[in-house]
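**Student:** Have a look at the structure that comes next, please.
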Amino acid sequence: MLCCPELDAVLAGGRLDVLLQPIFTLGNGRLLGYEALVRGPRGSLVESPLELFARAAHYGRLAELDALCRDSVLEAFAARVDDATLFLNMTPDGLMAWSANAEPVLARMAELALQPARVVIELTEFRPSAGYQELKAAIERLRAHGFRLALDDMGEGFSNLRLWSELKPEFVKLDKHFAYRLHQEPFKEQVVRSMVELARASRAQLIAEGIETLHELRLLQRLGVGCGQGYLLGRPAPQPQEAGEGSMLFMPQQEEAPVVAGAL
Ligand code: C2E
Ligand code: MG
Ligand code: MG
Ligand code: MG
């Protein structure tokens, strides 16, 4: 059998490190919840979850890795956060495997006092090995327990408009590529406008990822994007960080001072 020592070590090793990144409502700076982001062993080739998941995909072990991440995240989140919403990343294959046998995880969540209604499952951009209908049925089974759904990285990879219209997610996360230098690229601005309209029409909440500068934040607010996350607002960290000193960022935009004739 094919094997990858770094991946084997992670899968055999118990829990993974979990970081939490805050997500805010952009209109008033209120905390919406935290996205959980896992890390492989520090300093290893698979410290980045992208490396880890790429290997798991290559060796056909996505669902196994997803279950380990999910269990690590649920334990860490329940221990560190009292009542906010958890945004939990899952590949489509991981989601389908979970949905087929949800009870053990639901029982553990009940022990942790973490209700499914507090958990939004972020469907990451990996292509599922099954078809749309099977994926949809798996999601509906988890929804019936109270979980909500986010489409991650809309506009990138597998996150597409067909998924949006078929799965009717409660949240859509706009890939970070679209926030990046938004104010310098008029076409991106048009894409974001269209996403805001689609979100309104489908009653989904739009979350912008990767907000790094005040320019990007202000423009996203002005375009009507409801929620956002990014290094400007809060980096992924072991302990939950709330807006704190960053809350000034959410003050409404100052109008430019009118130029008074003769004042210059
Ligand atoms: P993602 O879910 O799209 O997560 C967003 C990524 O953007 C994270 O990278 C985060 O650290 C990074 N990020 C956050 N704010 C900013 C910003 O302002 N600028 C930039 N440039 N990047 C920002 P990370 O932590 O390396 O995670 C990468 C991917 O790994 C995630 O993308 C997700 O697809 C996957 N992943 C992470 N944790 C899990 C997990 O528990 N389960 C699953 N299935 N996938 C996970
Ligand atoms: Mg995500
Ligand atoms: Mg994302
Ligand atoms: Mg991503």
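**Student:** Could you state the accessible area per residue of region 155-230 in Å², with a 1.4 Å probe and every protein chain left in place? Present the calculation step by step, with values, prior to reporting the outcome.
**Tutor:** Numbers: 3760 Å² over 76 residues.
Value returned for region 155-230: 49 Å² of accessible area per residue.
**Student:** Counting only protein heavy atoms, what percent of the accessible surface of region 160-243 is carbon or sulfur at a 1.4 Å probe? Each step should come with its number before you reach the end.
**Tutor:** Numbers: 2240 of 4400 Å².
Roughly 51 percent, rounded to a whole number.
**Student:** Now for a separate question. Looking at the square roots a ≥ b ≥ c of the eigenvalues of the Cα gyration tensor of region 33-101, which shape do they give, rounded for a/c under 1.5, prolate if a/b is larger than b/c, or oblate?
**Tutor:** Working: a/c = 2.40, a/b = 1.26, b/c = 1.90.
Oblate.
**Student:** What relative contact order, as a whole-number percentage, does region 69-192 give when Cα pairs under 8 Å and 6 or more residues apart are counted?
**Tutor:** Working: 148 pairs, mean separation 27.2, N = 124.
In percent, rounded to a whole number, it is 22.
**Student:** Please list, or write none, the aspartates and glutamates whose alpha carbon is within less than 17 Å of the alpha carbon of Lys173, excluding same-chain residues fewer than 8 places away.
**Tutor:** Of all the aspartates and glutamates, those that pass the test against Lys173 - Cα under 17 Å, at least 8 places apart if same chain - are Glu35, Glu122, Glu125, Asp152, Asp153, Glu156, Glu189, Glu197, Glu209, Glu212, Glu216.
**Student:** Over region 110-257, what is the relative contact order in percent, taking alpha-carbon pairs closer than 8 angstrom and at least six residues apart?
**Tutor:** Working: 183 pairs, mean separation 24.7, N = 148.
Relative contact order comes out at 17 percent.
**Student:** Another question, then. Work out the P(r) tail for the chain: percent of alpha carbon pairs separated by more than 24 Å, whole number. If you can, show how the numbers build up before the last one.
**Tutor:** Details: 17586 of 34716 pairs.
Roughly 51 percent, rounded to a whole number.
**Student:** Consider a paramagnetic label point 7 Å from the Cα of Asp17 along Cα→Cβ; state which residues of region 29-68 have an amide N under 12 Å from it.
**Tutor:** Counting backbone N atoms under 12 Å from the label point, the list is 38-49.
**Student:** log₁₀ I(q)/I(0) of region 1-148 at q = 0.11, 0.17, 0.19, 0.21 Å⁻¹, via Debye over equal Cα point scatterers, no solvent, to two decimals?
**Tutor:** For region 1-148 at q = 0.11, 0.17, 0.19, 0.21 Å⁻¹, log10 I(q)/I(0) is -0.42, -1.01, -1.22, -1.41.
**Student:** Right, something else. Given the options Arg30, Arg61, Arg162, state which has the largest fluctuation in a GNM of the chain using a 10 Å cut-off (strictly under) for Cα springs.
**Tutor:** Residue with maximal mean-square fluctuation among Arg30, Arg61, Arg162: Arg162.
**Student:** Right, next: Once phi is turned into θ = phi - 60°, what whole-Hz ³J(HN,Hα) does the Karplus curve with 6.51, -1.76 and 1.60 give for every residue of region 33-39, x standing for Gly and Pro?
**Tutor:** Karplus-based 3J(HN,Hα) across region 33-39 equals x, 10, 8, 8, 10, 7, 10 Hz.
The values are calculated or read from the model by the stated rules, or taken from the named source; none is laboratory data. Bear in mind the structure is a predicted one, so any value in this text is a computation, not a measurement. FYI the Cβ positions are ideal-geometry reconstructions off the backbone, even for glycines, and counts take in every protein chain you see. These accessible areas exclude ligands, DNA and RNA; they are computed on the full protein's heavy atoms, side chains included. Shrake-Rupley method; radii C 1.70, N 1.55, O 1.52, S 1.80 Å.
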